[in-house]
Amino acid sequence: MKRSVLIIVALGLLLFAQAAQADWSPAKRLTWTSADSFNPAIARDSQDAIHVVWDDSTPGNQEIYYRRSTDGGVTWNPVQRLTWTTGWSYRPAIAIDSSDVIHVVWDDGTPGNSAVYYKKSTNGGETWSAVKRLTWTSGNSLFLTIAVDSSEALHIAWIDSTPGNDEIYYKRSTDGGANWSAVKRLSWTSGNTWYPSVAADSGMAIYVAWTEYSPSDNEIHYRTSADRGETWGAVKRLTWTSGYSFNPDVAVDSSDATHVVWDDDTVGADEIYYRGSADGGASWSPMKRLTWTTGTSNYPAVAAGPSNTIHVVWHDAVMGSEEIYYKKSVDGGATWGPATMLNWTSSWSYTPDLVIDSGSTVHVVWSDAKAGNYEIYYRKGN
């Protein structure tokens with residue numbers, strides 16, 4: 001009986017999800033490789049051109065690749081390779097400033113340990129600058145995240161294992177990536193910190209959220225800077241749960257409200273949760289659960305669109321394999337619409353990311369193994 005009920009529930013979810021996809025374009029495959037394309041990141045420029053970066057192991061080691069679309073995702077330029085290294089270039093992050101300069105950061109193991117690297121394009125991705133190395137430490141620098149503020153300053157955060165455990169570090173550039181500040185350490189823990197996410201508001205505030213590990217608990221913490229990263233407030237804790245809170249992502253909307261999503265396994269399986277702040281992180285809305293599934297919901301990404309709509313994507317195993325799901329709030333996170341399943345395959349789909357264009361169209365990328373190896377896929381919708 002229990003198995004029959006679960007099958008009926010799953011079929012109901014599938015039919016609902018398929019009906020909800022009516023406002024979405026068909027999935028478009030962006031890569032054809034002999035190895036795995038993974039960890040896509042997406043951004044848009046002021047003309048609503050869409051830019052995607054990812055890593056791919058086809059050359060024999062992981063390298064960074066790039067594509068763009070100048071017509072809203074209908075057609076895409078040829079794939080461009082951005083790195084040629086002897087180590088692994090991994091997990092790129094992308095941001096675009098108001099002058100449409102494209103900035104990409106990633107970690108690379110060529111020095112023998114993972115370090116932070118950077119390059120940019122000033123002509124819409126046609127050509128790219130030389131690679132610039134940003135860190136020199138004895139530990140590994142991993143999990144890069146990048147944001148651009150209203151003055152076009154660049155802000156990056158990552159983890160580094162140099163202290164003997166993983167801690168959060170930060171640096172910035174106020175001249176378009178030509179020069180960078182000294183590295184600033186943002187966390188001091190007895191355990192480890194992982195999965196940083198950085199965002200900037202329309203003024204001078206910078207937000208960094210991360211997962212902080214301790215021997216008995218994992219919770220979401222954050223810090224804010226009111227002066228574009230020059231100085232930082234105290235570390236603050238965002239979650240208090242009996243389970244493990246992982247994978248935070250942070251976004252700031254057009255009213256400068258801050259929105260954070262993450263996954264937490266307090267209920268026995270990972271689900272997606274949300275909190276928002278309208279006062280720069282001084283106070284937060286109550287924790288809101290966004291998913292109720294029979295599978296695990298992981299790795300959410302959040303983006304803010306026009307009129308303070310908040311959009312979230314994640315991957316979820318409710319149908320037996322990991323698939324990509326989406327939901328949104330049209331009232332700044334107070335209430336949320338139903339979940340929409342964006343793909344249905346017999347394989348596994350991971351690491352979604354999203355961006356919202358000026359017309360409120362949602363652009364989503366992810367990695368999917370339905371071709372026999374992992375490739376990058378794309379959809380857009382409203």
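Throughout, read-outs are computed from the coordinates displayed, never taken from laboratory work. Everything quoted here is computed from the prediction, not taken from an experiment. We place every Cβ from the backbone using ideal geometry, glycine too, and count neighbours over all the protein chains shown.
Here are some notes:
- Estimated distance in nm for a label pair at residue 330 and residue 127, the labels positioned 7 Å out from Cα along Cα-to-Cβ: 4.7 nm
- Equivalent ellipsoid of the range 53-168: semi-axes from √(5λ) of the C-alpha gyration tensor, largest first, are 25, 18, 11 Å.
- Residue with peak Gaussian network fluctuation, the chain [Cα springs, cutoff 10 Å], from 298, 343, 179: 179
- Kirkwood Rh and Cα Rg combined as Rg over Rh, evaluated for the range 99-152: 1.03
- Debye-sum result for the chain in log10 I(q)/I(0), which assumes one identical scatterer on each alpha carbon, at q = 0.06, 0.08 Å⁻¹: -0.21, -0.37
- Inter-part distance where the range 169-240 and the range 103-140 are each reduced to a Cα centre, Å: 20 Å
- Highest-fluctuation residue, 55, 331, 97 considered, GNM on the chain with Cα pairs under 10 Å: 331
- Size of electric dipole in the chain: Cβ of Lys, Arg +1 and of Asp, Glu -1, about Cα centre, debye, nearest 20: 300 debye
- Each peptide in 257-263, 144-150 receives the mean, over its residues, of other Cβ atoms within 10 Å, and ordering these scores from highest gives 257-263, 144-150.
- Debye intensity ratio in log₁₀ form over the Cα atoms of the range 240-382, taken at each q of 0.12, 0.13, 0.20 Å⁻¹: -0.46, -0.54, -1.20
- Since only 192, 282, 244 are under comparison, the one whose Cα sits farthest along the positive direction of the charge dipole of the chain, derived from C-beta charges on Lys, Arg, Asp and Glu, is 244.
- Model label sites at residue 234 and residue 294, defined 7 Å from Cα along the beta-carbon direction, differ in position by 4.7 nm.
- For the pair residue 174 and residue 23, label points projected 7 Å from Cα toward Cβ lie 4.3 nm apart.
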